[in-house]
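Student: For reference, the structure I am asking about is given below.
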Ligand code: PEP
Ligand code: MG
């Protein structure tokens, strides 16, 4: 029977394909007692699952790509050790034999015992091994439940015509899916600018998030349509609907071909004002995509993705190599490297503090985390500075808010430079330093930033979250996450105006920069530098090529003065943005 589910559009386009269900975590472990005469069979079922996981780990290790983070192999070895440890295996078999628990129940029980022991350990490194035990256990539970892990899905996907349906996909898992031939994504959870959605958008394929209960209502192999423009998912469509969407797919393909013709056109408005379009990237390998999409540089390299999915943070050499690789890939184009922005919906694996914090978005994230770990921060700063010797690099700091944080950050940059001077490493002595404007307090205290930094970049994803008090990853309040809220627009406009008055270059690197329907508003506010996922570049470019800047002046004044939604809608319509 055909039915439609409604969610949040995150990546445009239409896709038709078959559902492939991915359960990221085994939420409900079955509990039952096995019959006395089935105990051996149950133990063997557990052993078989253990063996299957061992094979998975061996395959993963054998197939590690050359550019995989250095510690990935050690991480897999640790998981193999845990998988074969008596504390896990013998104890589970004992529970099956003595208490007649089924294998999943026995494993979950033993996990609880082991995790409880870790609670009291003071050594942070050892405490973090708890996450490894949980991950290994989860792998075994998935095998017992017949659920494939994300890497298995990649390895064994039945066809290329596949749409991934999941309750949620962690940003790190989403990264695993880069360069894989999935045609689309649907998740139960998430908001428009959750990091999972951002990575999905960077893949340039249709996706909808916050589609409540999709992973329960959609069955394996169901035929589904994702309308990425509307954020709807049609399950088991009728023939008429299917034909309608096939037509729309053909129209999209024609439009895409038209867009490709703009690839080499210079980005100038009708009145001749040049506009700079830069790319947001997550991995060193994204740099090539950015250049081939026509980006004039990278406006945001989210380095935290280098730190995810591993047990230890990458050391100075590994980071330096990653940054240098991007600098070289950019071949003289500017590269803006943002220091680690970890926390909230981007947890470091096993970093307990984030998972247990009640309000992680208001907690120790981004620059706050870096300043609380100055040794680790210095490692990153040295690695970035060293990469600056190979091409134009700018350093960007996330979520600064207080003058003390700014001064501490700048002191650490000086300290990193001093350390490099002592060891004889070269770096760009004039490397430019920039601040992200992501919290309302930063906008209201802008002169502090303008005096101390060479450039600014407005992180609208967080600026919206913190202005409207809406968790950007929470689908329950996603309908209130409004980039066009008057308060948000005024904060963005203030930042651009003051920066322009002061002569400090300012960019927008939040998702709004890649939204063609926001281009006129941002241009009208005086923005001349946009940074977005490469997949959005051509659509925004097309919009910019149609704009005559003087025409925007009056509507923009009216927009910023408007207080009633009706007035705002009228101005947005005049600006040609009514289709939002
Ligand atoms: C932002 O907040 O707008 C931004 C670009 O940073 P991130 O999405 O990585 O938090
Ligand atoms: Mg941010």
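Student: Looking at the range 473-493, is at least one residue within 16 Å of ligand 2 (Cβ to nearest atom) and surrounded by fewer than 19 Cβ atoms within 10 Å (Cβ to Cβ)?
Tutor: yes
Student: Tell me which strands (runs of 3 or more DSSP E) are completely within the range 1-74 and hold 1 or more residues being at pLDDT 90 or above, within 32 Å of the chain's Cα centre (by Cα) and over 27 Å from residue 195 (Cα atoms), or say none if there are none.
Tutor: 3-6
Student: Do we have residue 550 as in contact with a strand residue (DSSP E or B) (Cβ under 6 Å, 6 or more places away or on another chain) and more than 16 Å from ligand 1 (Cβ to nearest atom) here?
Tutor: On the way: in contact with a strand residue (DSSP E or B) (Cβ under 6 Å, 6 or more places away or on another chain): no; more than 16 Å from ligand 1 (Cβ to nearest atom): yes.
Taking the combined requirement at face value, the residue does not satisfy it.
Student: All but one of (1) surrounded by fewer than 23 Cβ atoms within 10 Å (Cβ to Cβ); (2) within 16 Å of ligand 1 (Cβ to nearest atom) hold for residue 425; which doesn't?
Tutor: Among (1) surrounded by fewer than 23 Cβ atoms within 10 Å (Cβ to Cβ); (2) within 16 Å of ligand 1 (Cβ to nearest atom), the lone unmet condition for residue 425 is (2).
Student: Got at least one residue in the range 260-268 being part of a strand (DSSP E or B), within 29 Å of the chain's Cα centre (by Cα) and within 15 Å of residue 540 (Cβ to Cβ)?
Tutor: So far as the range 260-268 goes, no, none of its residues is part of a strand (DSSP E or B), within 29 Å of the chain's Cα centre (by Cα) and within 15 Å of residue 540 (Cβ to Cβ).
Student: Additional query: Where in the range 137-233 are there helices (runs of 4 or more DSSP H), lying wholly inside it, with at least 3 residues that are modelled with pLDDT of 80 or more and farther than 23 Å from residue 290 by Cβ? Step through it out loud before you land on a result.
Tutor: Numbers: elements: 150-156, 171-176, 195-202, 214-217.
Here the list reads 214-217.
Student: Just checking: which of the helices (runs of 4 or more DSSP H) contained wholly in the range 499-580 hold 2 or more residues that are more than 31 Å from the chain's Cα centre (by Cα)?
Tutor: Details: elements: 519-524, 537-545, 553-561, 565-574.
Hits in the range 499-580: 553-561, 565-574.
Student: Turning to a different aspect of this structure: Quick one: would you say residue 204 is within 24 Å of residue 511 (Cβ to Cβ) and more than 16 Å from ligand 1 (Cβ to nearest atom)?
Tutor: So residue 204 fits the description; yes.
Student: Report yes if some residue within the range 383-402 is free of Cβ contacts under 8 Å to residues at least 40 places away in the same chain, more than 28 Å from residue 134 (Cα to Cα), more than 16 Å from ligand 1 (Cβ to nearest atom) and surrounded by 15 or more Cβ atoms within 10 Å (Cβ to Cβ); otherwise report no.
Tutor: Yes, the conditions are met somewhere in the range 383-402.
Student: Go through (1) surrounded by 18 or more Cβ atoms within 10 Å (Cβ to Cβ); (2) in contact with a strand residue (DSSP E or B) (Cβ under 7 Å, 6 or more places away or on another chain); (3) touching a residue at least 60 places away in the same chain (Cβ under 8 Å) one by one and return the number of the condition residue 511 breaks.
Tutor: (2)
Student: From (1) in a loop (DSSP other than H, G, I, E, B); (2) surrounded by fewer than 24 Cβ atoms within 10 Å (Cβ to Cβ); (3) modelled with pLDDT of 95 or more, pick out the condition that doesn't hold for residue 378.
Tutor: Among (1) in a loop (DSSP other than H, G, I, E, B); (2) surrounded by fewer than 24 Cβ atoms within 10 Å (Cβ to Cβ); (3) modelled with pLDDT of 95 or more, the lone unmet condition for residue 378 is (1).
Student: Right, something else. Among helices (runs of 4 or more DSSP H) lying entirely in the range 435-498, which contain 2 or more residues that are touching a residue at least 40 places away in the same chain (Cβ under 8 Å), over 23 Å from residue 563 (Cα atoms) and more than 13 Å from ligand 1 (Cβ to nearest atom)?
Tutor: Working: elements: 440-444, 446-452, 460-468.
By residue number, 446-452.
Residues checked against (1) without any contact (Cβ under 8 Å) to a residue 24 or more places away in the chain; (2) crowded, with 18+ Cβ neighbours inside 10 Å; (3) assigned by TED's automatic domain parsing to the domain that holds residue 479:
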{"residue": "210", "(1), (2), (3)": "no, yes, no"}
{"residue": "228", "(1), (2), (3)": "no, yes, no"}
{"residue": "233", "(1), (2), (3)": "no, yes, no"}
{"residue": "236", "(1), (2), (3)": "no, no, no"}
{"residue": "242", "(1), (2), (3)": "no, no, no"}
{"residue": "248", "(1), (2), (3)": "no, no, no"}
{"residue": "251", "(1), (2), (3)": "yes, no, no"}
{"residue": "272", "(1), (2), (3)": "yes, no, yes"}
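The values are calculated or read from the model by the stated rules, or taken from the named source; none is laboratory data. Quick caveat, the model's predicted, so the values are computed rather than measured. Every residue, glycine as well, gets a Cβ built from its backbone with ideal geometry; the counts of neighbours run over all protein chains shown.
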